[in-house]
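Heads up: the structure comes next, in structure tokens.
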Amino acid sequence: MVQLVYVSSAIELFSNEALLELLRKSREKNRQLDITGLLLYKEGNFIQVLEGPDEVVQNLYAVISKDSRHTGLITLSKTEITEREFGDWAMGFRNMTKIAEREAGLSSFLTESIAPETFQRQPSRALIFLRTFRNITD
Ligand code: FAD
């Protein structure tokens, strides 16, 4: 199996409804494809981890890359794995803005930007975000 992490920016800010629609379709398709993962959204930027069979992840990532709702995708890591880290969800989701508002003052980490360019020099930071937000529910 493979675990792939990328960042991207929405063309327009997503409304709650648009996020829910994106998740509904993603979860339905991921269940069929045996894909798991987590999607983080904050102020128009995404971090996503996709896990599953190598070719399936690669093909889905090709579809996601062509999606006109976001742009500027940067692949941060692609790692062979034997166990899933985000296996609980067909696609988990955290709206980081909401969590940051609620947890204000607890950690400056929560208020950091996730604009794609901030990860280019330290790609492994994205996985730290994903692991942290896996454990914080919104
Ligand atoms: P179709 O529904 O025929 O989609 C065809 C194309 O239409 C898409 O590629 C997209 O460019 C566009 N499109 C679809 N819906 C809308 C809409 N509401 N508004 C504007 N354009 C639209 N899909 C998954 O299956 N799993 C994921 O984990 C996943 N994660 C995503 C993460 C992000 C940040 C984004 C932006 C998209 C994600 N998607 C995911 C959606 C994915 O890009 C495809 O839209 C989806 O897989 C359906 O593609 P399709 O070609 O099978 O179907």
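Just so it is clear, none of the values below were taken in a lab; they were calculated from the coordinates. Since we're looking at a predicted model, the values are computed, not measured. Don't worry about glycine lacking a Cβ; one is built from the backbone with ideal geometry, like all the others, and counts go over all protein chains shown.
Some values worked out for this structure:
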item	result
Gaussian network model of the chain, Cα within-10 Å springs - most flexible of ARG27, ARG69, ARG94	ARG69
Ratio Rg/Rh, restricted to region 48-92 and using Cα atoms, in which Rh is the Kirkwood radius	0.96
Angle between the chain longest axis and helix 124-134 axis [Cα atoms, degrees, rounded to 10]	80 degrees
Tilt relative to the chain, helix 16-33 - C-alpha long axis, 0 to 90 degrees, to 10	30 degrees
Efficiency of FRET between THR118 and SER77 - r from beta-carbon atoms, R0 22 angstrom, step 0.05	0.90
Nearest 10 degrees, 0 to 90: helix 54-65 Cα axis against the chain principal axis	50 degrees
